[in-house]
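Contents: one structure, followed by commentary.
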Amino acid sequence: MKPTGQSAVFGRRKEPHTVIIARGNEIRHFTIRPWLAAFIGSALAAIAIGYLLATSYLVLRDDLIGATAARQARMQQAYEDRISALRAQVDRITSRQLLDQQLMETKVSELLARQTQLSQRHGRLGPILERAENEVGDVPAASDAPTKPEAEITGSLSQAPTYSVASLSADDTRPFSLWSTRSDPLDNETAADRADKLFVSINASLKAIESQQLTRIATLADNAYRNADAISQALEAAGLPVDAELDKNDVGGPLVPLDSSMIFDSKVKELDEALDALDQVKKEVRKLPLTNPAPGRAVTSPFGVRTDPILGTAALHTGMDFRAPIGMPAKVTAAGIVTKAGWNGGYGRMVEVDHGNGFTTRYGHLSEIDVTVGQKLAASDVIGKTGSSGRSTGPHLHYEVRHNGEAVDPLRFLAVGKKVAQYL
């Protein structure tokens, strides 16, 4: 017989645990279900764990709080260190920008000063170049190596390009403000290099212009001295006096270094002296009767001994005769003052002009006189008209040159006039 409650399929059933409590005559028993045992066990475990945790917290609370505080302190210190590092980096960048800006301001100031100096020089060179163009003209230098005409030199100098740096003011910090927005230092270096190259390029251009100015001034001065020397040599070769101090070899003194402004001033002064010397020579030369009184006309009788056209005997001819029709304008060969104007024996109608320094010229056999005594004349002014008055065999112009009252050969003056005409 099978016991009650036993299953044939799953075997014998587990009996529940029973707790029996006996107290005197009282006996109590409790049946403990598995789920109840599990619940009670879990509750006891939870209470035990909670107690352990609470005890551990109370025991380790100070250590935990200290560890947390230390970790927060370490985090705060690391954060402050990071802030300090970033602040130092910002200070370095700012310092670099300030240094770069100061450097830029210095360079811009130098360029502006150089440009102002060149502008002032250009203003000073204007009148000097105009004078040099008028005095020296476009005559090439008298040397073995060909040089540029002065007109081309003065033109190229007056039209020399002027590089403006006005846009690069000292207060302009745009290149550096661009640097502050970039994080890559290579970009900053590249921008700095570009700025340096720009400054170097502008500075080199300004130096080139300055050098060109000095070269042109020196060239003008050399050509002015060379032209004055050529005029003086032509006059000396013809035995004609000229009052000019052109010897630049007797010089001396201590060596004193010059800066650029002093070099420019010295070059300008040298050019002024050269132009003054050339102007002095030209003034002296213009007082001499060097031009042809009848250009293009043939000489029918030169200066010197000849056969008298009327008597047929040997006689001294004190001038030159130029073939000229009646009524052709007779022009004075240099500036001067009329000392005689009227009939003068064998000269017929004659005009005499005093040119200073003992030089006078005479124009004879005129058919008409158009000047009066005391009248001031400029070179090539008309004094009358040619004719055949006085002791003459036909219409022509008798021309004389006298020095201190003594007749000299006019051909010497005409030959010198042809040589120096290009310099006048």
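The values are calculated or read from the model by the stated rules, or taken from the named source; none is laboratory data. If you're wondering where the values come from, they're calculated on a predicted model, not measured in any experiment. In this analysis, Cβ positions are derived from the backbone assuming ideal geometry, glycine residues included, and neighbour counts consider all displayed protein chains.
Structural remarks
- Summed over segment 301-310, residues that are part of a strand (DSSP E or B) and under 21 Å from residue 359 (Cα atoms) total 1.
- Test: residue in segment 111-124 that is in contact (Cβ under 8 Å) with a residue 40 or more places away in the chain and more than 30 Å from residue 197 (Cβ to Cβ): yes
- Exactly one residue among 392, 380 is among the hydroxyl-bearing types (Ser, Thr, Tyr) and in contact with a Lys or Arg (Cβ under 7 Å, 6 or more places away or on another chain), and that residue is 380.
- Residue within segment 292-302 that is under 46 Å from the mean Cα position of the chain (by Cα) and among the β-branched types (Val, Ile, Thr) present: no
- Any chance residue 400 is surrounded by 19 or more Cβ atoms within 10 Å (Cβ to Cβ), touching a strand residue (DSSP E or B) at 6+ places or on another chain (Cβ under 7 Å) and without any contact (Cβ under 8 Å) to a residue 24 or more places away in the chain: no
- Residue within segment 349-368 that is part of a loop (DSSP other than H, G, I, E, B), touching a His at 6+ places or on another chain (Cβ under 6 Å) and touching a residue at least 12 places away in the same chain (Cβ under 8 Å) present: yes
- Close pairs (7 angstrom Cβ cut-off, 6 or more residues apart or separate chains): in the same structural domain as residue 370 (by TED's automatic domain parsing) and farther than 16 Å from residue 382 by Cα in segment 319-332, among the acidic types (Asp, Glu) and in a strand (DSSP E or B) anywhere: 319/400
- Evaluating residue 419 against the criteria (1) in contact with a strand residue (DSSP E or B) (Cβ under 9 Å, 6 or more places away or on another chain); (2) surrounded by 15 or more Cβ atoms within 10 Å (Cβ to Cβ) leaves one unmet condition, (1).
- Residue list for segment 241-288, restricted to those being modelled with pLDDT under 70 and in contact with a strand residue (DSSP E or B) (Cβ under 7 Å, 6 or more places away or on another chain): none
- The lone criterion from (1) farther than 30 Å from residue 17 by Cβ; (2) modelled with pLDDT of 85 or more left unmet by residue 49 is number (1).
- Considering segment 311-334, and only residues there that are touching a His at 6+ places or on another chain (Cβ under 7 Å) and part of a loop (DSSP other than H, G, I, E, B), the residue that is farthest from residue 289 (Cα to Cα) turns out to be 324.
- The set of residues in segment 348-380 being acidic (Asp, Glu) and buried (at least 19 other Cβ atoms within 10 Å of the Cβ) consists of 352 alone.
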